[in-house]
Amino acid sequence: MIFTSLRTDGDHGYGAMAERMVELAAQQPGFLGAESARDGLGITVSYWADLASIAAWKQNAEHLVAQRLGRERWYTDFRTRIARVERDYGM
């Protein structure tokens, strides 16, 4: 799952919530890991075992609160993309 976003000015509790979402996602069945970066455009790539795991994460009660606050306070724009990793290699 690829989540890209543009932030509003100021933190407004974003940092604490972002940390909590990483902790919470790691406890979810099917979670395989995540990578994140922000330099103007934020991007978080989270890896999941299957679509059912992604759907369950989307409906997690705490995550629903974070989604609502994201729309209300933290993001001027965002996009979520669901994609399959066909190959992963590196050094």
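The values are calculated or read from the model by the stated rules, or taken from the named source; none is laboratory data. Everything numeric here is computed off the predicted structure, so don't read it as measured data. Here Cβ is always computed from backbone atoms with ideal geometry, including for glycine, and neighbour counts include all displayed protein chains. Ligands, DNA and RNA are excluded from the accessible area calculation, which covers all protein heavy atoms including side chains. Shrake-Rupley method; radii C 1.70, N 1.55, O 1.52, S 1.80 Å.
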Within the stretch 74-91, restricting to residues that are touching a residue at least 24 places away in the same chain (Cβ under 8 Å) and out of contact with any helix residue (DSSP H, G or I) (no Cβ under 8 Å at 6 or more places or on another chain), the one that is most open to solvent (accessible area, probe 1.4 Å) is Arg79
Glu62 vs (1) under 24 Å from Thr76 (Cβ atoms); (2) not in a helix (DSSP H, G or I): all pass except (2)
Considering residues that are out of contact with any helix residue (DSSP H, G or I) (no Cβ under 7 Å at 6 or more places or on another chain), farther than 20 Å from Ala83 by Cβ and among the aliphatic types (A, V, I, L, M), the number found within the stretch 23-57 is 1
Taking the stretch 60-70 and the residues there that are free of Cβ contacts under 8 Å to residues at least 12 places away in the same chain and surrounded by 10 or more Cβ atoms within 10 Å (Cβ to Cβ), the one that is nearest to the chain's Cα centre (by Cα) would be Gln67
